[in-house]
Amino acid sequence: MAEKLWGGRFAKSTDKLVEDFHSSISFDQILYKQDIQGSLAHAKMLGHQGIISPGEAEQIIDGLTQILADIEAGRVEFEVGAEDIHMNIEKLLTERIGDAGKKLHTARSRNDQVAVDIRLYIKDQIDEICELILALQATLLELADQHKTSVMAGYTHLQKAQPITMGHHLLAYFQMFRRDFERLQDCRKRADVMPLGSGALATTTFPIDREFTAEQLDFAAICENSLDGVSDRDFIVEFISAAALIMVHLSRFSEEIVLWSSTEFGYITLDDGYSTGSSIMPQKKNPDVAELVRGKSGRVFGHLMGSLTMLKGLPLAYNKDMQEDKEALFDTVDTVKKSLLVFQPMLATMRVNVSLMRDRAKGGFINATDAADYLAARGVPFREAHSVIGHLVKYAEDKGVGLEDLAFEEISQFSPVFQQDIYEYIAIEKCVAARNIPGGPAQPAVEKAIANGAAWLAAVRA
Ligand code: ARG
């Protein structure tokens, strides 16, 4: 059995069960690039400070560069016995370059090593996820522009409320994803602080230069306390929390896609490429993509609770419990990226059934608020107007018709304030157009919102 890198004080080798239980290489190999990046910066710093010789630093750098190329070409097989990605790479390096490889870990611990790896990883992943969010937002703006006059029922309690447009509805999601983007950017600032140099917990006796390493690795600052540097994972919790909100937004949107694509609503038709069939019912075309995104949100919420719980009772500094941060983090990244990636083309390819959606908006007394506003605008106190229209709705409902279908003689029985122009006032397109308030559904307001959204997108992309 190969001796462990830490095997010196052990008389017996690790039990096989323990080896499997505590090895993390099966999942933390995903960090190979960040681990090598961190080691390259550390080796350069050691050479720069004269802690190792310039020749040794060079050998290490060449060795690591080769290893990186070999991993990327699929030429490296990791060993469970070497525990994790950090020791696998160190072992490979020593096998390849000999004694100089054994000097890489001078003035460093796996505790600050893993902490720097995850911070580098999170920064990279935030950048990628933010790009996916922006692509989705660009699609939302395009769709909102196409559907700025496509009238649709707005709901509260999933009951018809007031008419809006599909464009206005989609812009609500644009705002949610904008906040998601901003949350990730904010979280990135706190991940952008370098723990390397914290050592196991109390830095090192060697004259290292942490600022030099931070510059190499493009960190904005260094952790100001070595215990904090190695034992904190709040940036992971924060990231998963931001990811959980992205999933909440995607999940609510998914729920609407599922509803809208049902025969009962019929507002949209999903593209065949983004729907699936049934093994028994020949007619079926199911919105599986939206359902899966909705379902996958649970994984991310679970990871959030899992990471909070993992951290809450840990004494300072490092504890092995913290190795459990990784699968939660990696699965969160995977879930959010895949969900965003598939959502954008699903939306871009869906068809909105504009006239059917408009027809379906008409029922359910969706113009009742406008009828009340008509009276209120003519001096009837709103509370009274509300009551008058309530009675009118009851009357029309008993007849099985909408307000606009009643004869003027019928309507005018409920209030002398009604004039012939009431019909014009409660026409559905008019109800939308009348709400020309910033943030509202009328076409000019929606056009302004689209322009603001486009300006924001251009500014963050610049
Ligand atoms: N694989 C470990 C982790 O992810 C690396 C740090 C190990 N440190 C230690 N002292 N055992 O947490």
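Listed values, structure above:
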read-out	value
Enumeration of residues in the stretch 1-13 that are part of a loop (DSSP other than H, G, I, E, B), surrounded by 10 or more Cβ atoms within 10 Å (Cβ to Cβ) and free of Cβ contacts under 8 Å to residues at least 24 places away in the same chain	Glu3, Trp6, Phe10, Ser13
Filtered residues of the stretch 101-159 (kept if of a type in the set (S, T, N, Q), touching a helix residue (DSSP H, G or I) at 6+ places or on another chain (Cβ under 9 Å) and either more than 28 Å from Ser339 (Cα to Cα) or part of a loop (DSSP other than H, G, I, E, B) (or both))	Thr106, Ser109, Asn111, Gln113, Thr149, Ser150
The stretch 1-51 - residue that is among the acidic types (Asp, Glu) and within 18 Å of Lys91 (Cα to Cα) and, of those, farthest from the ligand (Cβ to nearest atom)	Glu3
Within the stretch 98-122, considering residues that are charged (D, E, K, R) and surrounded by 22 or more Cβ atoms within 10 Å (Cβ to Cβ), the one farthest from the ligand (Cβ to nearest atom)	Arg119
The stretch 398-448 - residue that is without any contact (Cβ under 8 Å) to a residue 24 or more places away in the chain and acidic (Asp, Glu) and, of those, farthest from Gln162 (Cα to Cα)	Glu409
Filter pass, Phe301 being under 32 Å from the mean Cα position of the chain (by Cα) and farther than 27 Å from Leu158 by Cα	no
Considering residues of the stretch 72-85 that are in contact (Cβ under 8 Å) with a residue 40 or more places away in the chain and more than 9 Å from Ser23 (Cα to Cα) only, the residue nearest to the ligand (Cβ to nearest atom)	Ile85
Failed item in (1) within 30 Å of His249 (Cβ to Cβ); (2) touching a residue at least 40 places away in the same chain (Cβ under 8 Å); (3) of a type outside the set (Lys, Arg), with Glu131 passing the rest	(2)
Meets criteria (β-branched (Val, Ile, Thr), away from the ligand (no atom under 16 Å from the Cβ) and surrounded by fewer than 20 Cβ atoms within 10 Å (Cβ to Cβ)) for Val248	yes
Yes/no for Phe235 being part of a helix (DSSP H, G or I) and surrounded by fewer than 22 Cβ atoms within 10 Å (Cβ to Cβ)	yes
Filter pass, Asn286 being within 16 Å of the ligand (Cβ to nearest atom) and either under 29 Å from Thr203 (Cα atoms) or more than 16 Å from the chain's Cα centre (by Cα) (or both)	no
Close pairs from the stretch 86-111: first at negative phi, partner polar (S, T, N, Q) and away from the ligand (no atom under 16 Å from the Cβ), Cβ under 6 Å, at least 6 apart	Ile97/Gln59; Ala100/Gln59; Gly101/Thr94; Lys102/Thr94
Residue list for the stretch 124-158, restricted to those being surrounded by fewer than 22 Cβ atoms within 10 Å (Cβ to Cβ) and among the charged types (D, E, K, R)	Asp124, Asp127, Glu128, Glu131, Glu142, Asp145
Matching residues in the stretch 403-415 - criterion: being more than 15 Å from Tyr374 (Cβ to Cβ) and either modelled with pLDDT under 95 or touching a helix residue (DSSP H, G or I) at 6+ places or on another chain (Cβ under 8 Å) (or both)	Asp405, Glu410
Any helices (runs of 4 or more DSSP H) falling wholly within the stretch 411-462 and containing at least 1 residues that are within 25 Å of Gln175 (Cβ to Cβ)	428-433, 443-461
Gly63 farther than 21 Å from Lys33 by Cβ, free of Cβ contacts under 8 Å to residues at least 40 places away in the same chain and more than 16 Å from the ligand (Cβ to nearest atom)	no
Of the criteria (1) more than 30 Å from Leu340 (Cα to Cα); (2) hydrophobic (A, V, I, L, M, F, W, C); (3) out of contact with any Ser or Thr (no Cβ under 8 Å at 6 or more places or on another chain), which one Phe206 fails	(3)
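This table checks each residue for (1) hydrophobic (A, V, I, L, M, F, W, C); (2) more than 17 Å from Gly38 (Cα to Cα); (3) in a helix (DSSP H, G or I).
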position	(1), (2), (3)
Arg188	no, yes, yes
Phe206	yes, yes, no
Thr213	no, no, yes
Leu227	yes, yes, yes
Ile240	yes, yes, yes
Ala244	yes, yes, yes
Met247	yes, yes, yes
Leu259	yes, yes, yes
Thr263	no, yes, no
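Here's the yes/no breakdown for (1) modelled with pLDDT of 95 or more; (2) surrounded by fewer than 19 Cβ atoms within 10 Å (Cβ to Cβ); (3) among the hydrophobic types (A, V, I, L, M, F, W, C):
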position	(1), (2), (3)
Gly277	no, yes, no
Ile280	no, yes, yes
Val289	yes, no, yes
Gly298	yes, yes, no
Gly302	yes, yes, no
Ser307	yes, no, no
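The values are calculated or read from the model by the stated rules, or taken from the named source; none is laboratory data. The shown structure was predicted, so the numbers you read here are calculated from the model rather than taken from an experiment. Glycine gets a Cβ as well: all are built from the backbone with ideal geometry, and neighbour counts include every protein chain shown.
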